[in-house]
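Notes to accompany the following structure.
The values are calculated or read from the model by the stated rules, or taken from the named source; none is laboratory data. Here the structure is a predicted model, which is why all the values come from computation and not from measurement. Cβ sites come from the backbone with ideal geometry, for glycine too, and all protein chains shown count toward neighbours.
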Amino acid sequence: MSLALALSLLLTQAPDAGSEAPSLAEVKPIPTENAAPVEKAAPPADAEKKIDPTILPWWQRVTLGGFARVGLFYTFPFQEEQLVGGNGGFRMADFRLNVGFNPIDKLTIFTSIELAAPLIDPNDPLTGRRIVDLRDAYVQYELHDLFAIRVGQQRPGYYAEMLMSDGAVPFVSRSVLANGVPPPEGYGPRNFLAPDRQLGVQIYSQRIGGDLVGFKYMAGVFNGNGQNQLFNDNNSVEPVGRVELDVVKKVTLGLNAYYNQRTDGVRPNRLSTSQFAYGADLVADFFGFSAMAAFLGKSMNYSYGGLPPDGSLGAMAQVRYFHEDSGLEGAARFAWYEPSTAQVQDQIIEFAAMVGWKPFKLPFRVLAQYTHREEEQGVGYPNDSVDVMIHARW
């Protein structure tokens, strides 16, 4: 073969200058008579997770979700002109819409809008209307499993029951520690013991560890004023922290605390309250059962010397069983809440039991719940509730 012919063959077999050179996976070995057949390498298990979302059209990088809870809510005995017992009937508890957007890999923009938020008349807790209200609004970036940052309105890392998704709560509502109890269910009103959504910045991690033991953390600073506040009530911030330790991903111990300074009143007559809160919770999941137990405490000191130091205490335990094949479920919960150690006879005890059914793996379930409450020992009649509700998720 001449030298010119050899060069011509090499040039025709070489890749174009503008094309990508073949990778090692694409180079096929020359078979021989005794060589075993070459198997094609399987793609890595996490190949789909590493796909850059920016290669998708923008509408495929938007995720919609939400839930709705609508039902019949009755408190007994019926009393037409009392705070409790006289406002039973159909009620919309929630109607939530969630929107998430991933403009680039590891960056998420998320918001949730409550389409049926209660707006209670401050002069009469039994009157009001429903409005559209903002719940979540944040941007988060997951730099590493050890470090992610979230900025905006969100739930602080505090108390396992509060960190449970709104659409995943098995009962009609969260316990009295997380929701408080207002009329018409309670004589109250009693404020919740755990903080809800706040505006601020939070860092957190994914689970770190092996199959036996795992760890993760959450830490942030917030305004300490609650959700959708126009301005802060003072110049201080609310630091919040939580750590979790789990065993075989089935039993998780959480420890959390926060410090906050609230200022109330009309200038120049304003009162500052220093709050230090702490708590621990234990969550376990085995064979269709999920259980949770928690203790929360809070101490309060006032800037006005005429008011003695105060405190709040609460404890909760609940268990739920879900049978996946039939869709049947049942749950029970006990909660005890002492809103003020400086005030007598204001404790409340709550016991709730529910049964539910999620038919044919459809995105909704129906449930019925009975709630027994003991509060205000001087009141002559009880205020138990019977509720029937449909809970849809999408």
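Quick notes on this structure:
- For the range 287-295, the criterion of being surrounded by 18 or more Cβ atoms within 10 Å (Cβ to Cβ) and touching a residue at least 60 places away in the same chain (Cβ under 8 Å) is met by at least one residue.
- Residue match in the range 265-280 (condition: buried (at least 17 other Cβ atoms within 10 Å of the Cβ) and within 18 Å of residue 164 (Cα to Cα)): yes
- The lone exception for residue 147 - which of (1) within 29 Å of residue 254 (Cβ to Cβ); (2) of a type in the set (Phe, Trp, Tyr); (3) touching a helix residue (DSSP H, G or I) at 6+ places or on another chain (Cβ under 8 Å) it fails: (3)
- Which numbered condition residue 304 misses (of (1) aromatic (Phe, Trp, Tyr); (2) exposed (fewer than 15 other Cβ atoms within 10 Å of the Cβ); (3) assigned to a strand (DSSP E or B)): (3)
- Hey, residue 172 in contact with a Phe, Trp or Tyr (Cβ under 9 Å, 6 or more places away or on another chain), of a type outside the set (Ser, Thr, Tyr) and surrounded by fewer than 18 Cβ atoms within 10 Å (Cβ to Cβ) or not: no
- Residues of the range 122-174 satisfying the condition of being aromatic (Phe, Trp, Tyr), in a strand (DSSP E or B) and under 16 Å from the mean Cα position of the chain (by Cα): 138
- The listed residue being touching a residue at least 24 places away in the same chain (Cβ under 8 Å) and either within 25 Å of residue 201 (Cα to Cα) or out of contact with any Phe, Trp or Tyr (no Cβ under 6 Å at 6 or more places or on another chain) (or both), out of 90, 95: 95
- Scanning the range 64-94 for residues that are over 22 Å from residue 116 (Cβ atoms) and among the small types (Gly, Ala, Ser) yields one hit, 85.
- Just one of the numbered conditions (1) modelled with pLDDT of 95 or more; (2) within 21 Å of residue 148 (Cβ to Cβ); (3) out of contact with any Gly (no Cβ under 6 Å at 6 or more places or on another chain); (4) of a type outside the set (D, E, K, R) is not true of residue 209: (1).
- Residue count, the range 70-96 (criterion: assigned to a loop (DSSP other than H, G, I, E, B) and modelled with pLDDT of 95 or more): 0
- The range 45-69 residues that are more than 22 Å from residue 165 (Cβ to Cβ) and modelled with pLDDT under 90, paired with ones that are among the acidic types (Asp, Glu) and surrounded by 11 or more Cβ atoms within 10 Å (Cβ to Cβ) (beta carbon under 8 Å, 6 or more apart): 52/105; 53/105; 54/105
- Top-ranked residue of the range 342-365 - restricted to ones that are crowded, with 17+ Cβ neighbours inside 10 Å and within 21 Å of residue 176 (Cβ to Cβ), ranked as modelled with the lowest pLDDT: 346
- Whether a residue is touching a residue at least 40 places away in the same chain (Cβ under 8 Å), closer than 22 Å to residue 299 by Cβ, among the small types (Gly, Ala, Ser) and touching a strand residue (DSSP E or B) at 6+ places or on another chain (Cβ under 9 Å) was assessed, and residue 265 does not pass this test.
- Candidates 254, 224, 209, 200: the one that is buried (at least 18 other Cβ atoms within 10 Å of the Cβ) and over 18 Å from residue 296 (Cα atoms) is 200.
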